[in-house]
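Visitor: A single structure is presented below for examination.
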Amino acid sequence: MSLADQLMKAGLADKKSVQKAKKEKHKQRKSKQVVTDESKLAAEQRLKEQQERDRQLNQQRKQEADAKAIVAQIKQLIETSAQDRSRGDIAYNFSHNGKITKIYVNKAQQQQLIANQLAIVVKGDSYELVPTKVADKIHQRDPSIVIELPKSDSSEVAEDDPYADYQIPDDLMW
């Protein structure tokens, strides 16, 4: 026997009050379900937002780590393959950022620069000479570090060039 039946039998409650109590109890259950569902949805939404923020933060950290790794690779490539310019006595002029810049190289390095066997790369505030293969690897990682030198292409001569018979020396200094 339920409590309501026992109270009715004892005469302490009538049928109307029992039904009224059942309705109120039912309403309370429904309202708790709605409140619980809303709070559950809000918690799920906060969890999704937190996961999205965490994902974006992780992606940003990964990009920063990748950038640091690339800088370290470039630095290592330059340091391991840089040519010694300490005995350079010939001024080699090139254009960088719209300005004419000068570095001192020796005769062999000058010939290699002219033949595109060496390339010039920026290392901090100074310039270094590296082999062209290394410069290509550096260029893949960061193109702004490698200075593009003009290609000496002597095979292309205009047909109406009056000076076609006269070859310009590679070591011509202005």
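Visitor: Can you work out ³J(HN,Hα) from phi for every residue in segment 164-169, in order, using Karplus 6.51 cos²θ - 1.76 cosθ + 1.60 and θ = phi - 60°, giving whole Hz and x for Gly and Pro?
Guide: Ordered by residue, 3J(HN,Hα) equals 4, 7, 9, 8, 8, x Hz.
Visitor: Please turn the phi angles of segment 108-118 into ³J(HN,Hα) values with the Karplus equation 6.51 cos²θ - 1.76 cosθ + 1.60 (θ = phi - 60°), one per residue in order, whole Hz, x for glycine and proline.
Guide: 5, 5, 4, 5, 5, 5, 5, 7, 6, 8, 10
Visitor: Is there a quick way to get the dipole size of segment 64-115? I mean about its Cα centre, with the Cβ of Lys and Arg at +1 and of Asp and Glu at -1; what is the value in debye to the nearest 20?
Guide: Magnitude of the dipole: close to 260 debye.
Visitor: Quick check on segment 1-85: take the gyration tensor over C-alpha atoms, sort the square-rooted eigenvalues as a ≥ b ≥ c, and tell me if it's rounded (a/c under 1.5), prolate or oblate.
Guide: Judged from the Cα gyration tensor, segment 1-85 comes out prolate (a/c at least 1.5, a/b above b/c).
Visitor: Place +1 on the Cβ of every Lys and Arg and -1 on the Cβ of every Asp and Glu in the chain, take the dipole about the Cα centre, and give the residue among S31, M8, A164 whose Cα lies farthest towards its positive end.
Guide: M8
Visitor: I'd like the accessible area for L57: 1.4 Å probe, protein heavy atoms, all chains in place, Å² to the nearest 10.
Guide: L57 exposes around 70 Å² with every protein chain in place.
Visitor: Mind listing the phi-derived Karplus ³J(HN,Hα) values for segment 13-23, rounded to whole Hz, using 6.51, -1.76 and 1.60 with θ = phi - 60°, and x for any glycine or proline?
Guide: In residue order, the calculated couplings are 9, 10, 5, 5, 5, 5, 5, 4, 5, 5, 5 Hz.
Visitor: Right, next: Compute, for segment 1-58, the length of the dipole vector about the Cα centre, with Cβ point charges of +1 (Lys, Arg) and -1 (Asp, Glu) only. Units Debye, rounded to 20.
Guide: For this selection, approximately 420 debye.
Visitor: Of all accessible surface on the chain at a 1.4 Å probe, what whole percent is carbon and sulfur? Working shown, then result.
Guide: Values: 7340 of 14330 Å².
Solvent-exposed carbon and sulfur of the chain make up 51 percent of the total.
Visitor: Please compute the per residue accessible area over the chain with all protein chains in place, 1.4 Å probe, rounded to a whole number of Å².
Guide: Details: 14330 Å² over 174 residues.
In whole numbers, the chain has 82 Å² accessible per residue.
Visitor: May I ask you to rank K22, K133 by accessible area, largest first, using a 1.4 Å probe over the protein chains only?
Guide: Numbers: K22 135, K133 165 Å².
In descending accessible area the options line up as K133, K22.
Visitor: To continue, here is another question. In degrees, nearest 10, range 0 to 90: what is the angle between the Cα axis of helix 132-141 and the longest Cα principal axis of the chain?
Guide: 20
Visitor: Next up: Can you bin segment 31-154 into rounded, prolate or oblate? Criterion: square roots of the alpha carbon gyration tensor eigenvalues sorted a ≥ b ≥ c, rounded for a/c under 1.5, prolate for a/b above b/c, oblate for the rest.
Guide: It is prolate, given that a/c is not under 1.5 and a/b is the larger ratio.
Visitor: Moving to a separate point now. Please get the size of the charge dipole for segment 1-148, origin at its Cα centre, with Cβ charges of +1 on Lys and Arg and -1 on Asp and Glu, quoted in debye to the nearest 20.
Guide: That gives segment 1-148 a dipole magnitude of about 1520 debye.
Visitor: Okay, next question. For a quick check: with amide H placed at 1.01 Å from N, whose amide H comes under 5 Å from Y92's, ignoring anything fewer than 5 positions away on the same chain?
Guide: For Y92, the qualifying residues are I103, Y104, V105.
Visitor: Quick check: with the 1.4 Å probe, what order do H139, H96 take by accessible area, largest first?
Guide: H139, H96
Visitor: With each run of n ≥ 4 DSSP H residues scored as -39500 (n - 2.57), what mean residue ellipticity at 222 nm is computed for the chain after dividing by its residue count and rounding to the nearest 500 deg cm²/dmol? Spell out each step's value before the answer.
Guide: Values: 4 runs with 93 residues, N = 174.
My calculation for the chain gives -19000 deg cm²/dmol from helical runs alone.
The values are calculated or read from the model by the stated rules, or taken from the named source; none is laboratory data. Here the structure is a predicted model, which means the values were calculated and not measured. Neighbour counts are summed over all protein chains in view; Cβ atoms, including those assigned to glycine, are modelled from backbone coordinates with ideal geometry. Just so you know, the surface numbers come from the protein's heavy atoms only, side chains and all, with ligands and any DNA or RNA stripped out. Shrake-Rupley method; radii C 1.70, N 1.55, O 1.52, S 1.80 Å.
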